[in-house]
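One structure is given below, encoded as structure tokens.
Values in this text are rule-based calculations from the coordinates and carry no lab data. For clarity, every value in this text was computed on a predicted model and none was experimentally measured. Backbone-built Cβ (ideal geometry, glycine too); neighbour counts: all protein chains shown.
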Amino acid sequence: MTLLPLSHADPRRALVLFSGGQDSTVCLAWALQHFSQVETLGFDYGQRHRIELDCRQTVRQALVQRFPAWGARLGEDHLLDLSLLSQISACALTEERAIEMQANGLPNTFVPGRNLLFLTFAATLAYRRGAQVLVGGMCETDYSGYPDCRDNTLKALQVALSLGLDQPVCLQTPLMFLTKADTWDLSTQLGGEALNDLIVAHTHTCYLGERGRRHDWGHGCGTCPACELRARGHAEWRARQALQSA
């Protein structure tokens, strides 16, 4: 992936779906590198823990402190209340229940329609804020099989949003075809070890909301699917680095 120098920034305004997790933080850094004005948007949808929401402001502040050039581009943060979603989507991310596979082949961490709703509300906010680009951390390479993370889904939604708002809506998904190891590579290209250290120290992706233990790859329980995926990607990335330096 080619990174544009700061001096060649896209003049369009971007709105980043920012949860406070690793993937959305890398996407925020990517947007700050590519666009001249960037705002962030989070969602409180009644998730079973609020750890990521609590991390959001810490991550934003750390990015501003460690990367002043990006900080000059970082605008307002928005948090929308979508708690209604938890009332109609009983799953392991909105209720205290064990994480397991379902008969349809999807894990019960799948929140039906979540990304479709997130992007629809994001497009509504972007319309008011004058932003033309929505940036999300959806990925169909290393993921749990969620159908609303697939490239075809998002391409169709981009068309629907553009038609429904009667103006172009551009959905950017920088991680769509990257593995988790590739995501660490992208983070390194964007901000080097400073950004990687920020991600490990301040972001949170664990499904169970465990924050106490810090691993090489960040905080988390270490056993849920999100932690296992993140740990495996970090190990693959470290092994790749070792081969390159040998």
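In this structure, the amide hydrogen of HIS215, modeled 1.01 Å from its nitrogen in the peptide plane, lies closer than 5 angstrom to those of GLY220, counting only residues at least 5 positions away or on a different chain. Convex hull volume per residue, computed on the Cα atoms of region 124-191, equals 94 Å³.
Each of ALA194 and PHE121 was given a label point 7 Å from its Cα along the Cα-to-Cβ line. The distance between the two points is 3.3 nm. In terms of other Cβ atoms within 10 Å, SER83, SER187 run from fewest to most in the order SER83, SER187. Computed from the C-beta positions of ALA239 and ALA72, the FRET efficiency with R₀ = 41 Å rounds to 0.65. In nm, to one decimal, how far is the modelled label at ARG128 from the one at ASN152, with both set 7 Å along Cα→Cβ? About 3.5 nm separates the two model spin labels. By the beta-carbon count within 10 Å of each Cβ, the least crowded to most crowded order of ASP182, ASP166, fewest first, is ASP166, ASP182.
Fewest to most neighbouring Cβ within 10 Å: what's the order for LEU41, LEU171?
Placing the least packed residue first, the sequence is LEU171, LEU41.
Working from Cα pairs under 8 Å separated by at least six residues, relative contact order for region 147-222 is 16 percent.
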